[in-house]
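J.: Just passing along the structure, written as structure tokens.
The values are calculated or read from the model by the stated rules, or taken from the named source; none is laboratory data. Given the structure is predicted, the values throughout are model-derived calculations rather than measurements. Positions of Cβ are generated from backbone atoms using ideal geometry, with glycine treated the same way; all protein chains shown enter the neighbour counts. Note: accessible area is taken over every heavy atom of the protein model, side chains too, but ligands, DNA and RNA are not part of it. Shrake-Rupley method; radii C 1.70, N 1.55, O 1.52, S 1.80 Å.
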Amino acid sequence: VVGAGIGGSAVAHFLQQHFGPRVQIDVYEKGTVGGRLATISVNKQHYESGAASFHSLSLHMQDFVKLLGLRHRREVVGRSAIFGGEHFVLEETDWYLLNLFRLWWHYGISFLRLQMWVEEVMEKFMRIYKYQAHGYAFSGVEELLYSLGESAFVNMTQRSVAESLLQVGVTQRFIDDVVSAVLRASYGQSAAMPAFAGAMSLAGAQGSLWSVEGGNKLVCSGLLKLTKANVIHATVTSVTLHSTEGKALYQVGYESEVGSGSDFYDIVVIATPLHLDNSSSNFTFEGFNPPIDDVQGSFQPTIVSLVHGYLNSSYFGFPDPKLFPFANILTTDFPNFFCTLDNICPVNISASFRRKQPQEAAVWRVQSPKPLFRTQLKTLFRSYYSVQTAEWQAHPLYGSRTTLPRFALHDQLFYLNALEWAASSVEVMAVAAKNVALLAYNRWYQDLDKIDQKDLMHKVKTEL
């Protein structure tokens with residue numbers, strides 16, 4: 001397995017689950033275990049710098065947390081608002097009914113139409129758990145999407161969120177004010193991005209969210225420990241195909257601090273993005289005829305800055321910081337240098353913990369498409385003690401490739417991150433991990449009835 005983020009650690013766990021305890025698994029990781037699940041330390045406390053929370057419907061993640069004996073972190077509630085450049089276009093109150101009334105007052109029935117659209121997509125997407133429980137797998141992203149939502153899902157990867165929502169009667173104003181703010185917060189992209197990825201992101205904005213006590217990356221290290229996988233700290237440079245008696249054998253070349261080496265494997269899973277503009281993850285495929293295509297397309301860089309300081313509330317129209325009521329600020333598509341601003345809590349929350357008041361120094365997490373200049377930091381903060389940043393190739397830049405990639409690159413060579421090109425989240429990577437483990441298992445034992453089956457809803461019902 002190449003990569004020890006959530007995809008790599010989950011696929012190691014699922015491979016062992018299916019093949020049994022005798023399977024030997026090596027996991028190569030050039031950085032730290034956890035990948036895009038990571039933390040940064042500020043004042044001896046740790047804060048999430050990567051994926052910060054999960055949706056309540058993230059069933060694989062829920063299972064991992066139970067399995068590993070981890071706990072959900074205590075939720076410290078805070079209010080949200082959407083900033084439109086000069087003023088807030090939408091403010092959350094402490095009253096659920098008042099929030100609904102405000103949405104209704106500003107946007108009419110649009111938010112209900114949005115909710116119905118998202119729920120319909122999620123209801124169909126949730127079928128994947130039933131298919132996986134019955135052992136079914138898919139060799140390409142298109143086949144997987146088709147089995148869940150037929151051509152409607154495949155079409156949603158080619159048309160924009162805005163187009164799809166306008167068609168179901170959501171107003172342009174609601175898209176500009178609310179939908180674009182949610183997409184900026186999750187993907188750093190606009191409502192011109194494809195509808196399928198957008199729907200998954202908008203689902204995350206509606207459900208109840210949770211995170212792991214002690215840090216989300218504990219799921220990755222926990223799964224690898226549970227699997228007793230052999231973690232090799234090295235950069236994989238090549239995968240070479242050798243054929244022996246009709247079965248593929250792969251030689252994986254790598255470079256580590258002690259020098260370069262290679263090893264032979266029956267099954268190889270690539271659980272790291274294979275895209276052209278990030279040469280650090282580029283390794284070569286050798287001995288394949290026809291050659292393996294490069295995965296075209298680029299990624300959206302996201303800069304996460306953790307700023308320990310005093311918020312400049314007057315920038316948001318609150319001259320008295322004591323009166324500033326919001327812990328989370330999203331932004332619309334006006335020419336802005338940041339996407340979100342959150343007053344965040346550490347990954348370990350004691351019973352006595354309280355969120356800092358707006359006039360106190362707090363740790364704020366700023367997400368932006370580019371590194372922040374000092375002038376921009378001075379715009380957002382009256383003064384600050386420290387700034388620490390993490391730069392992520394966070395999500396595919398949707399719309400930058402024309403076709404959906406395949407999980408199966410060759411006989412027993414798999415590309416787990418293919419599913420990111422339909423939608424990108426931690427749970428989507430866990431779904432991809434389960435799919436790849438089932439695909440490897442079904443192919444190994446030649447159980448071809450379990451791969452790329454049509455009309456699965458009907459099959460699964462009759463099996464039940």
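J.: Just a yes or no: is a residue in the stretch 300-312 at pLDDT below 90, in contact with a helix residue (DSSP H, G or I) (Cβ under 9 Å, 6 or more places away or on another chain) and in a strand (DSSP E or B)? I'd like the intermediate steps shown before the answer.
T.: Going through the stretch 300-312, the residues at pLDDT below 90 turn out to be 300-301.
Now restrict to residues that are in contact with a helix residue (DSSP H, G or I) (Cβ under 9 Å, 6 or more places away or on another chain): 300.
Of the ones still in play, those that are also in a strand (DSSP E or B) are 300.
The answer is yes, given that some residue of the stretch 300-312 is at pLDDT below 90, in contact with a helix residue (DSSP H, G or I) (Cβ under 9 Å, 6 or more places away or on another chain) and in a strand (DSSP E or B).
J.: Still on this structure, please answer the following. Would you pick out the residues in the stretch 150-193 that are among the β-branched types (Val, Ile, Thr), under 19 Å from the mean Cα position of the chain (by Cα) and assigned to a loop (DSSP other than H, G, I, E, B)? Working first, answer last.
T.: Initially, the stretch 150-193 is screened for residues among the β-branched types (Val, Ile, Thr), giving 154, 157, 161, 168, 170-171, 175, 178-179, 182.
Those still in the list that are under 19 Å from the mean Cα position of the chain (by Cα) too: 157, 161, 179, 182.
Answer for the stretch 150-193, where residues must be among the β-branched types (Val, Ile, Thr), under 19 Å from the mean Cα position of the chain (by Cα) and assigned to a loop (DSSP other than H, G, I, E, B): just 157.
J.: Still on this model: Provide a single number: the residues in the stretch 416-464 that are part of a helix (DSSP H, G or I), out of contact with any Ser or Thr (no Cβ under 6 Å at 6 or more places or on another chain) and under 17 Å from residue 143 (Cα atoms). Reasoning before the result, please.
T.: Just the residues of the stretch 416-464 that are part of a helix (DSSP H, G or I), to begin with: 416-421, 426-444, 448-450, 456-463.
With the extra rule that they be out of contact with any Ser or Thr (no Cβ under 6 Å at 6 or more places or on another chain), the set shrinks to 416-421, 426, 428-444, 448-450, 457-463.
Keeping just the survivors that are under 17 Å from residue 143 (Cα atoms) gives 416-421, 428-429, 431-440, 442-443, 448-450, 457-460.
Of the residues in that region, 27 qualify.
J.: When the residues of the stretch 308-338 are filtered to those that are over 26 Å from residue 178 (Cα atoms) and touching a residue at least 24 places away in the same chain (Cβ under 8 Å), which remaining residue is farthest from the chain's Cα centre (by Cα)? Even if it seems obvious, please write down each step before you answer.
T.: To start, the set of residues in the stretch 308-338 that are over 26 Å from residue 178 (Cα atoms) comprises 308-310, 320, 322.
Retained after the next criterion (residues that are touching a residue at least 24 places away in the same chain (Cβ under 8 Å)): 308-310, 322.
Values: 308: 26, 309: 28, 310: 30, 322: 35 Å.
Checking each candidate, the answer is 322.
J.: State all residues of the stretch 41-78 that are of a type in the set (A, V, I, L, M), in contact with a Phe, Trp or Tyr (Cβ under 7 Å, 6 or more places away or on another chain) and open to solvent by less than 20 Å² (accessible area, probe 1.4 Å); if no residue qualifies, say none.
T.: 61
J.: Only one of (1) open to solvent by less than 60 Å² (accessible area, probe 1.4 Å); (2) within 19 Å of residue 322 (Cα to Cα); (3) within 29 Å of the chain's Cα centre (by Cα) is not met by residue 354, so which one is it?
T.: (1)
J.: Could you tell me which residue of the stretch 56-79 is nearest to residue 130 (Cα to Cα), considering only residues that are of a type in the set (A, V, I, L, M) and at pLDDT below 90? If you could, list the steps in order and put the result at the bottom.
T.: As a first pass, look at the stretch 56-79 and keep what is of a type in the set (A, V, I, L, M): 57, 59, 61, 65, 67-68, 70, 76-77.
From what is left, the residues that are at pLDDT below 90 are 57, 76-77.
Working: 57: 14, 76: 33, 77: 33 Å.
By that ranking, first place goes to 57.
J.: Would you pick out the residues in the stretch 147-185 that are within 28 Å of residue 36 (Cβ to Cβ), small (Gly, Ala, Ser) and surrounded by fewer than 23 Cβ atoms within 10 Å (Cβ to Cβ)?
T.: 147, 149, 160, 162, 164, 185
J.: So which residues in the stretch 390-406 are modelled with pLDDT of 85 or more, open to solvent by 50 Å² or more (accessible area, probe 1.4 Å) and either closer than 22 Å to residue 46 by Cα or in contact with a strand residue (DSSP E or B) (Cβ under 9 Å, 6 or more places away or on another chain) (or both)?
T.: Of the residues in the stretch 390-406, the ones modelled with pLDDT of 85 or more are 390-393, 395-398, 403-406.
Add one more test, that the residue is open to solvent by 50 Å² or more (accessible area, probe 1.4 Å), and what stays is 391, 393, 397, 403, 406.
Listed by number, the residues that qualify are 391, 393, 397, 406.
J.: Yes or no: residue 109 β-branched (Val, Ile, Thr) and farther than 25 Å from residue 303 by Cβ? Quick ask: steps written out before the conclusion?
T.: On the way: β-branched (Val, Ile, Thr): yes; farther than 25 Å from residue 303 by Cβ: yes.
Yes, satisfied.
J.: Would you pick out the residues in the stretch 27-50 that are assigned to a strand (DSSP E or B) and of a type in the set (Gly, Ala, Ser)? If you could, list the steps in order and put the result at the bottom.
T.: Taking the stretch 27-50 first, the residues assigned to a strand (DSSP E or B) are 27-28, 39-42, 45-48.
Across the stretch 27-50, the qualifying residue is only 41.
J.: Here is a list: 241, 226, 249. Which entry is among the hydrophobic types (A, V, I, L, M, F, W, C), open to solvent by 20 Å² or more (accessible area, probe 1.4 Å) and closer than 30 Å to residue 52 by Cβ? Steps first, answer last, please.
T.: Working: 241 fails: closer than 30 Å to residue 52 by Cβ; 249 fails: closer than 30 Å to residue 52 by Cβ.
None of the other options fit; the residue is 226.
J.: Can you list residue pairs whose Cβ atoms sit under 6 Å apart, with the first residue in the stretch 176-205 being among the basic types (Lys, Arg) and the second being assigned to a loop (DSSP other than H, G, I, E, B)? Count only pairs 6 or more apart in sequence or on different chains.
T.: Filtered contacts from the stretch 176-205: 184/339.
J.: Here is a check on your reading of the model: is residue 77 in a loop (DSSP other than H, G, I, E, B) and over 15 Å from residue 176 (Cβ atoms)? Steps first, answer last, please.
T.: Working: in a loop (DSSP other than H, G, I, E, B): yes; over 15 Å from residue 176 (Cβ atoms): yes.
For residue 77, the condition - in a loop (DSSP other than H, G, I, E, B) and over 15 Å from residue 176 (Cβ atoms) - is met.
J.: Still on this model: State whether one or more residues within the stretch 439-452 are on the phi > 0 side of the Ramachandran plot and out of contact with any Gly (no Cβ under 6 Å at 6 or more places or on another chain).
T.: Taking the stretch 439-452 as the starting set, the residues that turn out to be on the phi > 0 side of the Ramachandran plot are 446, 452.
The next check asks that each one be out of contact with any Gly (no Cβ under 6 Å at 6 or more places or on another chain); those that pass are 446, 452.
Yes, some residue in the stretch 439-452 is on the phi > 0 side of the Ramachandran plot and out of contact with any Gly (no Cβ under 6 Å at 6 or more places or on another chain).
J.: Report the residue count in the stretch 357-366 for those that are modelled with pLDDT of 95 or more and not aliphatic (A, V, I, L, M).
T.: Number satisfying all stated conditions: 2.
J.: Further question: Here are 24, 17: which of them is in contact (Cβ under 8 Å) with a residue 60 or more places away in the chain, part of a loop (DSSP other than H, G, I, E, B) and open to solvent by 30 Å² or more (accessible area, probe 1.4 Å)? Let's see the steps before the verdict.
T.: On the way: 17 fails: part of a loop (DSSP other than H, G, I, E, B).
None of the others qualify; the one that does is 24.
J.: Follow-up question, since we're still on this one. Counting residues that are of a type in the set (Ser, Thr, Tyr), which strands (runs of 3 or more DSSP E) fully inside the stretch 200-263 reach at least 1?
T.: Values: elements: 230-232, 235-244, 247-256.
By residue number, 235-244, 247-256.
J.: Could you name every one of the helices (runs of 4 or more DSSP H) located completely within the stretch 82-144 that has at least 1 residues being over 28 Å from the mean Cα position of the chain (by Cα) and crowded, with 18+ Cβ neighbours inside 10 Å? So that I can check it myself, show each step before the final result.
T.: Details: elements: 96-107, 110-125, 127-133.
Because the criterion is at least 1 residues that are over 28 Å from the mean Cα position of the chain (by Cα) and crowded, with 18+ Cβ neighbours inside 10 Å, the helices (runs of 4 or more DSSP H) in the stretch 82-144 that meet it are 96-107.
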